[in-house]
Amino acid sequence: MEDDLMFVDSPQNPASLEFLSTALMRQHQQQQPSSVPQSKYAQLLAVIEEMGKDIRPTYAGSKTSSERLKRSIVHARILVRECLMETERSARQ
C-alpha cells in the first residue's frame with residue numbers, strides 16, 4: 001500500500017499523477033451525479049465520508065473494501081494537495 005502512495009507523490013512522473021487525478025475525479029463524479037460542480041473541499045469531504053464505509057469491512061478482511069480504501073486514500077491525498085494549492089492561491093490575492 002505504501003508503495004502505491006509513494007508512486008503518487010513521485011515528482012518524477014507528473015503526467016501519471018495528472019492521469020490518476022483525472023481518473024479518480026471521473027470515478028467520483030460517476031458515483032455522485034450532480035449538475036452543480038463541487039469545490040475541491042466538498043469533494044474531499046465526500047471521499048472521506050465514503051472511506052468511512054470501507055473501514056469495518058477492511059478490518060473484517062474484505063479485499064474489495066481494502067482496495068477501494070487504498071484508492072480512496074490516494075484520491076484524498078490528491079484532493080488535499082489541490083485544496084492546499086487553492087488556499088495558497090486565494091491567500092495571495
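Derivation of every value follows stated rules applied to the coordinates shown; laboratory data play no part. Just so we're clear, the structure is a prediction, and the values are computed from it rather than from any experiment. Neighbour counts run over all protein chains shown; Cβ positions are idealised from the backbone, glycine included.
Quick check: residue separation of A60 and R89 times 0.36 nm, minus the Cα distance between them. What number comes out in nm?
Length gained, A60 through R89: 6.2 nm.
Could you tally the net charge around T87, taking each other residue with its Cβ under 12 Å from the Cβ of T87, Lys/Arg +1 and Asp/Glu -1?
Charge balance near T87 sits at +1.
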